[in-house]
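Trainee: What follows is a structure written as structure tokens; I'll ask about it next.
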Amino acid sequence: MKQFMNKTAFILGIVFYTATSFAMDISLPTPQTSGGMPLMDVISARRSERTFSPEELDLQIVSNILWSAYGISSPDGKRTIPTARNLQNLRVYALTPKGAFLYDATGNKLVEVSNKDLRPLLAEKQAYAGVAPLTLIFVGDGGKYDGMHAGSAYQNAALYCVSAGLNQVVRGLVDNEALAKELQLDDSQAIIVSLTIGRKPA
Ligand SMILES: Cc1cc2nc3c(=O)[nH]c(=O)nc-3n(C[C@H](O)[C@H](O)[C@H](O)COP(=O)(O)O)c2cc1C
């Protein structure tokens with residue numbers, strides 16, 4: 001009997017380990033790449049907003065935001081933003097209540113890097129960043145033009161947000177060190193800036 005119990009516990013342990021150790025990637029809906037407000041109206045209306053509803057964004061909106069920031073916009077694999085020598089060496093992470101994910105534009109999916117809600121690491125000095133349901137983290141690899149790539153990407157995403165009626169604010173104030181660790185960045189990679197996004201509060 002004891003041997004049977006040990007064996008059962010062992011098998012249950014393996015099942016539990018297997019179930020909990022697989023990362024949960026998220027397939028994104030095809031981004032909606034046309035329409036929206038006229039460009040000059042969006043540019044006129046863009047403003048940093050610092051109040052957010054905690055309501056989670058649906059995946060279609062998340063897909064549209066990420067595509068605007070750094071999606072693939074032509075059959076030859078070029079992106080919605082220019083990159084020096086077309087290096088495409090920017091990485092975009094999405095921090096959500098469900099965890100942290102790396103945007104895979106080719107696969108149009110979110111690849112899980114942590115199943116923890118890392119938003120408290122954004123909110124030490126500005127609590128609203130812990131309320132907003134989505135923050136994008138722009139990461140460079142130490143290249144000369146990393147900041148420019150991040151700037152293009154956050155501005156594209158911010159303009160989409162204005163067009164979609166969402167609030168957004170670009171932010172440098174995040175716990176870079178702790179976040180880099182949680183995102184498993186290597187020594188050459190660095191967090192450049194973030195974009196906090198959500199619906200307007202009710
Ligand atoms: C690189 C960068 C970093 C920023 N960091 C923060 C930040 O940490 N917190 C914040 O509330 N706003 C931040 N902002 C937003 C600016 O405060 C804001 O853009 C500025 O006040 C002008 O307002 P506007 O965006 O509505 O035109 C940042 C903006 C930039 C471009």
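FYI, it's all coordinate maths here, none of it is from the lab. Bear in mind the structure is a predicted one, so any value in this text is a computation, not a measurement. Cβ placement follows ideal geometry from the backbone for every residue including glycine, while neighbour counts extend to all protein chains displayed.
Trainee: What FRET efficiency would be calculated for the residue pair ILE72, LYS125, taking the C-beta separation as r and a Förster radius of 25 Å, to the nearest 0.05?
Mentor: Result of the calculation: an efficiency of 0.10.
Trainee: Still on this structure, I have one more. What is the dipole size for the chain, taken about its Cα centre, with +1 at each Lys and Arg Cβ and -1 at each Asp and Glu Cβ, in debye to the nearest 20?
Mentor: 140 debye
Trainee: Hey, fewest Cβ within 10 Å first, where do SER53, SER188 land in order?
Mentor: SER188, SER53
Trainee: Going by a ≥ b ≥ c, the root eigenvalues of the Cα gyration tensor, does region 23-199 fall in the rounded group (a/c under 1.5), the prolate group (a/b larger than b/c) or the oblate group?
Mentor: rounded
Trainee: Hey, fewest Cβ within 10 Å first, where do ASP146, ASP25 land in order?
Mentor: Taking fewest neighbouring Cβ atoms as first place, the list is ASP25, ASP146.
Trainee: Give me the net charge for the shell around PHE101: Cβ to Cβ below 10 angstrom, other residues only, Lys and Arg +1, Asp and Glu -1.
Mentor: -1
Trainee: Could you list SER68, SER73, SER34, SER27 in order of exposure, starting from the residue whose Cβ has the fewest other Cβ atoms within 10 Å?
Mentor: So the residues, fewest neighbours to most, are SER34, SER27, SER73, SER68.
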